Each structure stands twice: as C-alpha cells, then as structure tokens.
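See below for the structure under consideration.
The values are calculated or read from the model by the stated rules, or taken from the named source; none is laboratory data. Everything numeric in this text was worked out from a predicted model, so none of it was measured. Positions of Cβ are generated from backbone atoms using ideal geometry, with glycine treated the same way; all protein chains shown enter the neighbour counts.
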Amino acid sequence: MRGLIAGRRAAAVAGVVLAIGVNASPSYAAHNGDHGRPKPWPACPHGHARLSYPPRSCHVETDRTSVPPGARFNVFGLGFRPGEQVVISSGDMRLETVAANKDGAVLTSAVLPRDVGAGAHTLTMTGSSGNRVQGVITVKPQLAASTRAAHGSLPFSGPAAAIPLAAAGVMMLASGAVVMSMVRRRRRFLVDG
Amino acid sequence: MLLAGAIWIVVTALLARSDLLAARREADEAKAALLHGDVTRAQALAAQLRDRADGAHARTTGPAWWVASSVPWVGGPLASIREVADDLHLLAHNALTPAMNAGISLDPDKVILGHGHLDLTRISAAAAPLDQATKAVAAVAHRLAGGHTNTWLGAVDSNRTTVVNSVTKLQHTLSDGVLAAKLLPPMLGANGTRNYFVGFENTAEARGLGGLPGSYGILTADHGYVHFTRFGSDVDLNGATASVSFGPDWRARYVGTYEVLNNFVNTTASPHFPYDAALWLSMWQRKFGQHLDGAIATDPTALGYLLGATGPVTLSDGQQLNSSNAVQVLESSVYAKFPQLTPQAIAARKNYLVAAAKAIAGHVTDGASTNPTALVDALKQAVHEHRLVVFSERSNEEAQLASSSLAGELSDTTQPFAGLVINNAASGKLDYYLDRSLTYERSTCAATTSTVTVKLTNRAPSTGLPPYVTTTIGLGRGPTGVNQDQVSLYLTHGADLSSLTVDGKKAFMQTEQERGHPVVSLAVRLQPGQSKTLVYKVHEPRATGPVVAPVQPLVRPMHVDLRSPSCAA
C-alpha cells in the first residue's frame with residue numbers, strides 16, 4: 001500500500017510543482033518513494049474503512065520543521081479526492097484554499113501571520129469531502145526590537161558578549177603590569193639611593 | 001639524602017604498581033572462580049587481593065611519600081598514586097567482603113535449578129550485601145573523580161583513568177545486581193503468582209521497538225517456578241483494542257498513523273517499550289478479561305543467544321535451531337517454506353512460528369541448568385542490545401527498572417541525541433536485508449549546527465525471494481524486492497532541523513515529538529541493491545554530555561560513528 005502511496009506522492013509532488021509553479025524548488029526529492037508512476041490508491045480512506053497495515057501516510061508534511069514569524073513555507077498532503085477543494089488552516093485561521101490534483105495530493109506554500117505566537121502550530125488540510133490530515137510546524141520566537149537594534153539581525157551570543165569582557169580584562173592586566181613595573185622601579189630607586 | 005629519598009620513592013612506586021597489577025589479576029580470577037562455583041578458591045583469591053591492596057597502600061604512605069607528594073605541581077603524580085592506592089585499599093576492605101558474599105549467594109548453579117525453577121531465597125539474600133558493596137564502590141568512585149586527576153605525568157593520569165573506568169563499570173554491575181536481587185523475587189512470584197505477556201518480535205518487518213509482534217506467549221511465575229501457559233500468533237489479537245494514553249505527543253505520533261489503539265501489529269511502533277507494553281496489557285485485558293502483571297519483548301537474535309547457552313532444539317519438522325541459524329530460519333527460510341499469500345499458507349506459517357517459539361521457550365526453561373553461567377551471559381548480551389526488555393505494571397517496580405537498560409526506555413536525556421528509528425511501511429519482510437549506518441558530527445560543545453548522515457541500503461536480491469517477503473499488502477503485484485520504510489530521526493531536546501536532503505535533494509518531512517525529542521520522519525523507498533543517503537543539518541543547543549545514539553535492534557548490525565569533542569555534563 002505504501003508503495004502505491006509513495007509512487008503516487010512522488011508524481012503528485014512533481015506534477016503540482018510544475019503545474020501551479022509554487023515556490024517549491026523543482027529539485028525536491030520525491031523522497032517518499034522513487035520517481036515512480038502514480039498508482040490509484042486511497043491513501044487515507046475516509047472514515048477509517050480499514051486498519052493502517054502497513055502504516056499509512058495520513059499527515060501534512062512540510063519542507064522545514066520551523067520558520068521565523070511571517071515566513072513562507074511549502075506544505076504537502078495526501079488523501080483527497082481528485083479536484084476537491086482543500087482548505088489549509090491553523091486553528092481558526094484559514095491560510096490557503098487549493099484544489100487537490102488528479103492523484104488527490106496537495107502541494108502549495110503557506111504562511112502563518114506574523115503575530116501568531118511562537119511554538120508548535122498544528123496545520124490542518126480539510127477536503128470538501130471531509131477528508132482531513134494534520135501536521136505540525138514550529139514558529140520560532142521573535143527577537144525583541146531593542147535586541148535587534150543593538151545587535152543587528154544576529155542573536156546576542158555568548159562568545160560575542162565575551163569580547164568586551166576580554167578586552168576589559170586585557171586592559172586591566174596591562175594596567176597592572178604598568179603599576180608593578182613602576183613599583184619595582186621605585187623600590188630599585190630606593191635601594192640604589 | 002635527597003637522592004636516597006628519590007630512590008626509595010621510585011622503588012616503592014614500582015612495588016606498589018606490581019601489587020596493584022596483581023590485585024587486578026586476582027580480582028578477575030576471583031570473579032571467574034565465583035561464576036564456576038569455586039567458593040574456596042574465590043575466597044582465597046579475595047584474601048590475596050586484600051593483602052596486595054594493603055601492601056600498595058603501605059608502600060605509598062611513608063614520610064618520604066608524604067613530603068614528595070606535597071610539593072606543588074612536581075609532586076602531583078606521586079599524590080595521584082597515593083590517592084589511587086588509598087582508594088583501592090578502601091575498596092578492598094569495604095566492598096570486597098560483601099561482594100564476595102553476594103557472589104556466593106548468586107552462584108548460578110545454585111540459583112538456576114532447571115525445569116524452570118529459580119531459587120528466589122538465594123537471590124533475595126544477595127540484595128543486602130550487594131547494596132553494601134555498591135555504596136562502598138560509589139564512595140570510592142566519588143573520591144577517584146576528585147583529587148589529582150591531571151598531573152604533568154601522562155602515564156600516571158592514564159593509569160588513573162583506567163582505574164576510574166574499572167571502578168565505574170564495577171559500580172554499574174553492582175547496581176544492576178542490586179536491582180535484580182530486589183526485583184526478581186517479587187516479579188517471579190515470591191509473594192504470589194505473576195503473569196506476563198511475552199511478545200516475540202519479527203525484526204524482518206521493522207517496528208520502532210525492533211520488530212512486529214508476530215507471536216506471543218503468556219508466562220506464569222509462581223514462587224520461582226516459571227512456565228508458559230499459552231502461545232499464539234498476532235491473529236489472536238485481531239480486533240483487540242487498548243485504552244491507554246501517554247499525552248498529546250504520543251497520541252499525535254501513534255494513534256492516527258499507526259492506529260496503535262486497535263491494531264496489534266503496530267503496537268511496537270514506539271521505541272519506548274513502556275508505551276508498547278501498556279498497549280499489550282490493555283488489549284489482552286479487554287479481549288480476554290485477564291489482568292497481566294507485566295510484559296517482556298524479545299526477538300530471534302536473543303533466542304539464538306539463549307540457544308547458544310542451552311544447546312540446539314529440534315522442531316517438529318526436524319529443523320534444528322541453534323545459535324547460528326535461529327534468525328535465518330525464523331525470519332527468512334520460514335518464508336521459503338511457506339511462500340504463498342493464500343490464507344492457508346499464512347496460517348500454516350504462523351502455526352510453525354508459534355510452535356518454534358513454544359519449542360525454544362520450553363527448551364530454555366527446562367535446560368537452563370545445563371550451563372547457567374553461559375545462560376546468564378546470553379541474557380546479559382540480549383539485554384545490552386535491547387533484544388530483551390521488561391515492563392512491570394506495578395509503578396514502584398517499573399520505576400526501579402527504569403534505571404536499567406532492561407526497561408527498554410527511549411531515554412529522555414538532554415544530552416546530544418541522534419536516534420534512528422525504522423518502521424516498515426510496506427508490510428513485507430525486506431528489513432531482513434536492510435543495512436543502516438549513522439554518522440553524527442559536531443565540532444564544538446557550544447550551540448552549533450551538527451550534521452547527521454544516515455545511509456540505508458536494501459541488500460535484498462532482485463530475484464528469487466518468496467512473494468510473502470516482497471509483496472506489499474494491497475498491491476497484488478509480483479515480487480520485486482522493493483522495500484519502503486518510514487524513517488524517523490530523534491533529535492536532541494531543544495534542537496531544530498535546518499535542512500534535510502535525500503541524495504542531495506531537499507525533502508518534505510513530518511515533524512513530531514516523543515519524550516522531549518523532536519522527531520523528523522519521511523518515507524524512504526529502496527530498490528534491491530539501492531542505497532540512499534539522508535543528511536540532516538540540525539541546530540543544536542550547547543552539549544550537556546556525550547552523544548547518545550541508541551541502536552534499534554534489527555537483523556543486521558548498524559554502524560555508528562560519533563564525531564564530537566568530549567563535552568562535560
């Protein structure tokens with residue numbers, strides 16, 4: 001069963017990328033199988049008509065596990081009726097609506113609003129027939145504006161923080177050396193004198 | 001005067017070294033004597049060992065040693081030698097006697113009585129002395145970890161490290177012994193009958209724990225008498241449902257895709273055995289109305305180890321099973337014997353495997369006393385490779401088990417982590433031919449991007465395999481040898497995947513969590529002879545100890561290469 005799903009998914013990925021020209025790279029691996037031929041098979045039969053042996057692929061996949069706030073990502077799902085309208089949502093937020101291709105697959109890009117909280121967000125694809133698959137993507141924490149202003153776009157890292165401290169340390173050592181040198185000279189002067 | 005002192009120190013140091021080397025040799029001999037039931041010899045060796053430790057201690061405690069070892073920096077190596085001699089002296093006096101007493105009590109010949117009978121009284125009697133010895137060794141290990149561990153003389157430091165490693169290993173062995181001495185009696189029915197579900201996994205069809213649970217037995221233990229009361233195949237659990245939950249992460253990962261609550265053959269999808277075992281117990285209770293006290297999982301590789309200790313067993317068709325052919329017969333040639341996909345052929349094959357499990361179990365329990373020492377070694381090997389794992393339904397017992405590898409837990413450590421977990425997604429038996437390798441690379445202990453490279457190869461021949469091995473359920477096509485696995489990589493707590501490629505191309509993935517580990521999964525299809533390379537780039541937090549890379553027990557060994565600096569906890 002998975003073999004069929006895989007072949008179908010591979011073709012679905014390639015087909016959708018070429019057809020709708022989303023910003024998914026054409027060099028994506030058809031990793032869920034080889035670049036095989038599409039096979040008709042209900043990947044996620046509605047109503048759980050049979051047990052998942054072998055395990056079936058009823059979930060949303062993404063091309064990354066986490067994104068910065070407001071960043072666009074590519075999303076893929078299987079198990080829909082060919083041509084049916086599929087709504088991609090996160091909680092109550094509707095992100096995209098696209099039609100499933102002839103293999104019942106959806107591949108598109110989506111974006112979570114910039115003001116959603118950091119952490120894991122469940123992505124849901126719901127077909128007009130009622131078929132539904134889910135997956136998760138994590139939104140990274142947004143850097144505070146003051147931090148960004150002070151340190152550009154890079155996070156304020158440990159080593160970076162250590163640089164001024166190290167400089168201060170070197171300055172103190174140098175000062176100490178100068179003072180010691182002066183003390184020694186003074187002693188020598190007193191002894192010699 | 002100075003020269004005489006220096007000569008004295010050199011001579012006594014060499015003599016102390018000689019004493020300590022002899023003590024180490026005698027410790028090994030004493031252990032071997034105990035395992036062979038030669039108590040008199042073990043006691044004599046222990047007395048010699050104590051004398052050696054006393055001698056080394058005495059040689060390094062005179063005034064010359066005190067003065068020389070007190071000199072800052074220069075005296076460091078001498079101070080280190082004094083500390084090691086002193087600590088081993090303590091070890092010999094505080095840990096040796098109780099450890100010997102425990103060893104005498106746990107003589108395998110006297111504990112394993114044959115015909116499925118174990119002497120629980122002797123096991124219980126070992127608990128107190130083992131506990132005493134463990135505490136003494138732990139105290140010495142703590143002392144050795146401090147003091148002069150880094151001196152200017154590398155040879156001294158190196159020897160100290162060897163001693164520390166030996167003492168740490170001894171501490172773990174004794175701790176495991178304490179655990180066994182405390183847990184085995186109640187779990188083997190010292191206080192009343194216990195019943196366990198024993199799942200026999202088929203690792204030719206991978207599941208997260210190891211393999212699909214194809215056969216099972218019900219093991220009954222009553223006052224140390226152990227026997228199986230029932231055997232069966234997965235068919236018996238068809239339609240069984242479980243009522244358990246381990247939180248939203250577990251539900252998201254296993255209830256939807258794997259349907260573990262109502263699909264017995266997927267119940268081992270998680271590499272965390274306590275989850276899987278709870279599913280078995282719940283399904284059994286709801287289907288057969290019998291409350292079970294725990295569960296055990298094992299596989300043909302482990303059964304092969306046991307047959308190595310007890311000798312071969314002959315099945316009803318004349319097939320002899322031994323340590324070197326158990327896996328091949330039970331996970332490969334059985335499919336050539338019953339190659340077809342017809343219900344009759346499938347039923348005949350399942351019956352054959354159940355009969356084999358019954359024959360092996362009976363042979364091992366009846367013949368355990370043939371070579372008890374070898375049997376203990378075989379069990380240790382199986383536990384070490386996670387091919388024998390145990391779960392107790394009693395929370396106090398399970399909490400104690402959790403501290404050992406016997407529990408089969410997926411560690412929730414925050415240390416750097418790279419866990420490759422395969423779940424078969426084709427329903428064939430081609431994982432018998434799956435080769436795996438994992439390389440983990442990080443250049444610093446600070447927060448960084450690590451690279452995990454996984455290579456998978458399908459070594460199945462392209463022709464000649466039976467249809468049952470190669471055919472995917474529902475396809476109805478001829479044998480091709482194409483395998484498909486759901487490949488999951490468990491990452492470090494708090495890690496974030498920045499990219500995943502398969503043979504150099506970006507890939508889509510599913511993201512989940514289990515026991516605090518981010519889990520990244522994708523399906524990988526492999527033609528016969530084909531390899532695929534998965535490269536994960538992972539943003540990791542600061543390392544909090546050495547890299548942990550558990551190995552899923554499958555048929556073929558997995559090559560693991562960890563390239564990381566040594567990072568403190």
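Against the test of being assigned by TED's automatic domain parsing to the domain that holds residue B:286, in a loop (DSSP other than H, G, I, E, B) and at pLDDT 95 or above, the options B:257, B:241 yield a single qualifying residue, B:241. When you scan segment B:238-258, how many residues do you find that are crowded, with 20+ Cβ neighbours inside 10 Å and of a type in the set (D, E, K, R)? Selection size over segment B:238-258: 1.
Out of segment B:305-346, which residues are assigned to a helix (DSSP H, G or I), in contact (Cβ under 8 Å) with a residue 40 or more places away in the chain and over 30 Å from the mean Cα position of the chain (by Cα)? Scanning segment B:305-346 gives B:336, B:345, B:346.
Test residue A:110 against the stated conditions and say whether it is within 17 Å of residue B:252 (Cβ to Cβ), within 14 Å of chain B (Cβ to nearest Cβ) and within 18 Å of the chain's Cα centre (by Cα).
no
Highlighted here are the helices (runs of 4 or more DSSP H) found entirely within segment B:87-201 that include at least 1 residues which are basic (Lys, Arg) and closer than 30 Å to residue B:555 by Cα: B:154-187. Of the conditions (1) under 20 Å from the mean Cα position of the chain (by Cα); (2) surrounded by fewer than 18 Cβ atoms within 10 Å (Cβ to Cβ), residue B:150 fails just one. Which one is it? Looking at each condition in turn, residue B:150 falls short on (1). Is it the case that residue B:169 is outside the structural domain of residue B:273 (by TED's automatic domain parsing), closer than 23 Å to residue B:298 by Cα and basic (Lys, Arg)? Spelling it out, it is not the case that residue B:169 is outside the structural domain of residue B:273 (by TED's automatic domain parsing), closer than 23 Å to residue B:298 by Cα and basic (Lys, Arg).
Okay, residues lined up against (1) without any contact (Cβ under 8 Å) to a residue 12 or more places away in the chain; (2) more than 8 Å from chain A (Cβ to nearest Cβ); (3) in contact with a strand residue (DSSP E or B) (Cβ under 6 Å, 6 or more places away or on another chain):
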site	(1), (2), (3)
B:496	no, no, yes
B:500	no, yes, yes
B:507	no, no, yes
B:512	no, no, yes
B:515	no, yes, no
B:524	no, no, yes
B:527	no, no, no
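Taking segment B:258-278, which residues are closer than 20 Å to residue B:523 by Cα, without any contact (Cβ under 8 Å) to a residue 24 or more places away in the chain and hydrophobic (A, V, I, L, M, F, W, C)? Once the filter is applied, which keeps residues that are closer than 20 Å to residue B:523 by Cα, without any contact (Cβ under 8 Å) to a residue 24 or more places away in the chain and hydrophobic (A, V, I, L, M, F, W, C), segment B:258-278 yields only B:260. Every listed requirement among (1) under 21 Å from residue B:166 (Cα atoms); (2) small (Gly, Ala, Ser); (3) touching a Pro at 6+ places or on another chain (Cβ under 9 Å) is met by residue B:23 save one, (3).
Could you go through segment B:531-554 and let me know if any residue there is among the charged types (D, E, K, R), within 9 Å of chain A (Cβ to nearest Cβ) and surrounded by 16 or more Cβ atoms within 10 Å (Cβ to Cβ). Scanning segment B:531-554 turns up at least one residue that is among the charged types (D, E, K, R), within 9 Å of chain A (Cβ to nearest Cβ) and surrounded by 16 or more Cβ atoms within 10 Å (Cβ to Cβ). Can you name the residue in segment B:185-213 that is buried (at least 24 other Cβ atoms within 10 Å of the Cβ) and among the small types (Gly, Ala, Ser) and, of all such residues, is farthest from residue B:485 (Cα to Cα)? Ranking the candidates gives B:199 first.
Taking every residue in segment B:224-244 that is acidic (Asp, Glu) and pairing it with any residue that is not in a strand (DSSP E or B), at least 6 positions away or on another chain, the pairs with Cβ-Cβ distances below 9 Å are B:234/B:264; B:234/B:265; B:234/B:350; B:236/B:264; B:236/B:287; B:236/B:288. Counting only strands (runs of 3 or more DSSP E) that sit completely within segment A:41-106, those holding 1 or more residues that are at pLDDT below 95, in contact with a Phe, Trp or Tyr (Cβ under 8 Å, 6 or more places away or on another chain) and within 10 Å of chain B (Cβ to nearest Cβ) correspond to A:60-62, A:72-77. In segment B:2-14, the residues that are of a type in the set (A, V, I, L, M) form Cβ pairs under 7 Å with partners that are surrounded by 11 or more Cβ atoms within 10 Å (Cβ to Cβ), at six or more places apart or across chains, as follows: B:9/B:64; B:9/B:65; B:9/B:68; B:9/B:78; B:13/B:81.
Residue pairs whose Cβ atoms lie under 9 Å apart, separated by 6 or more positions or on different chains, with the first residue in segment B:30-53 and free of Cβ contacts under 8 Å to residues at least 60 places away in the same chain and part of a loop (DSSP other than H, G, I, E, B) and the second surrounded by fewer than 16 Cβ atoms within 10 Å (Cβ to Cβ) and not polar (S, T, N, Q), are B:38/B:32.
Filter segment B:423-470 down to residues that are in contact with a helix residue (DSSP H, G or I) (Cβ under 7 Å, 6 or more places away or on another chain) and part of a strand (DSSP E or B) and give me whichever is farthest from residue B:338 (Cα to Cα). The residue in question is B:458.
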